[in-house]
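The values are calculated or read from the model by the stated rules, or taken from the named source; none is laboratory data. If you're wondering where the values come from, they're calculated on a predicted model, not measured in any experiment. Don't worry about glycine lacking a Cβ; one is built from the backbone with ideal geometry, like all the others, and counts go over all protein chains shown.
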Amino acid sequence: MSEQFDLKMRHLTGGVGIDTEELTGKTFPYQFDRSLVDDIDLDAATPGADMNWLEDITLMTEDGVTAVFDRYTNAFLKIYFDIPEGREDEYARKVLVKHLQEGNSYGIWLKHRHAKYPQPELGSWKDDSPIVGDNWRPTEPEGWEPPVGH
């Protein structure tokens, strides 16, 4: 069965996952092809001079598949390619950085609507990132009116 079918069936049967594919309904080429992340320079991609945030990024498993945790989305990003032994965390970090640099993190997508102050859309991972959050307004449900006296 196809992976897309499995995701749809899981959703229809009440299964709730915390992986990027289930949240967005998408996968990305760098999840399947190691060569698309081989050239990621982790030192150059690190926000500021602090490498400590990378130490927390390790290869994990979600639903029996290798994955990296994207804390900006609070979800797993599955990795389907073979990872050379001894380089597990390096490739987890490269996949995550690629995901963030390309703006594919669901948490980044939410910034367009919910960022309350001006900030780089892609965070510190990309120098030429557009700014979002410079005109935030609270959302109001359609037809909502404030209570009388407020």
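Only residues that are hydroxyl-bearing (Ser, Thr, Tyr), touching a residue at least 24 places away in the same chain (Cβ under 8 Å) and within 30 Å of Thr46 (Cα to Cα) were counted across the stretch 115-150, and they come to 1. Condition (residue is assigned to a loop (DSSP other than H, G, I, E, B) and modelled with pLDDT of 90 or more) applied to the stretch 7-29: is it met by at least one residue? Yes, that holds for at least one residue. Considering only residues that are hydrophobic (A, V, I, L, M, F, W, C) and in a loop (DSSP other than H, G, I, E, B), look in the stretch 128-147 and name the one that is farthest from His114 (Cα to Cα). That would be Trp144.
Output yes when any residue across the stretch 43-53 is hydrophobic (A, V, I, L, M, F, W, C), part of a loop (DSSP other than H, G, I, E, B) and either out of contact with any strand residue (DSSP E or B) (no Cβ under 8 Å at 6 or more places or on another chain) or touching a residue at least 24 places away in the same chain (Cβ under 8 Å) (or both), and no when none is. The answer is yes; a qualifying residue exists. When the test is whether a residue is out of contact with any Asp or Glu (no Cβ under 6 Å at 6 or more places or on another chain) and in a strand (DSSP E or B), Thr61 passes it.
Kindly evaluate Ala92 against the criterion of being touching a strand residue (DSSP E or B) at 6+ places or on another chain (Cβ under 9 Å), closer than 24 Å to Leu23 by Cβ, small (Gly, Ala, Ser) and touching a residue at least 24 places away in the same chain (Cβ under 8 Å). Yes.
For Gly86, all conditions in the list (1) over 18 Å from the mean Cα position of the chain (by Cα); (2) over 22 Å from Glu55 (Cβ atoms) hold save one; what is the number of the exception? Unmet for Gly86, out of (1) over 18 Å from the mean Cα position of the chain (by Cα); (2) over 22 Å from Glu55 (Cβ atoms): (2). Looking only at residues in the stretch 106-127 that are in contact with a helix residue (DSSP H, G or I) (Cβ under 8 Å, 6 or more places away or on another chain) and assigned to a loop (DSSP other than H, G, I, E, B), the one that is surrounded by the most Cβ atoms within 10 Å (Cβ to Cβ) is Leu122. Looking only at residues of the stretch 78-99 that are part of a loop (DSSP other than H, G, I, E, B) and among the aromatic types (Phe, Trp, Tyr), we find that the one that is surrounded by the fewest Cβ atoms within 10 Å (Cβ to Cβ) is Tyr80.
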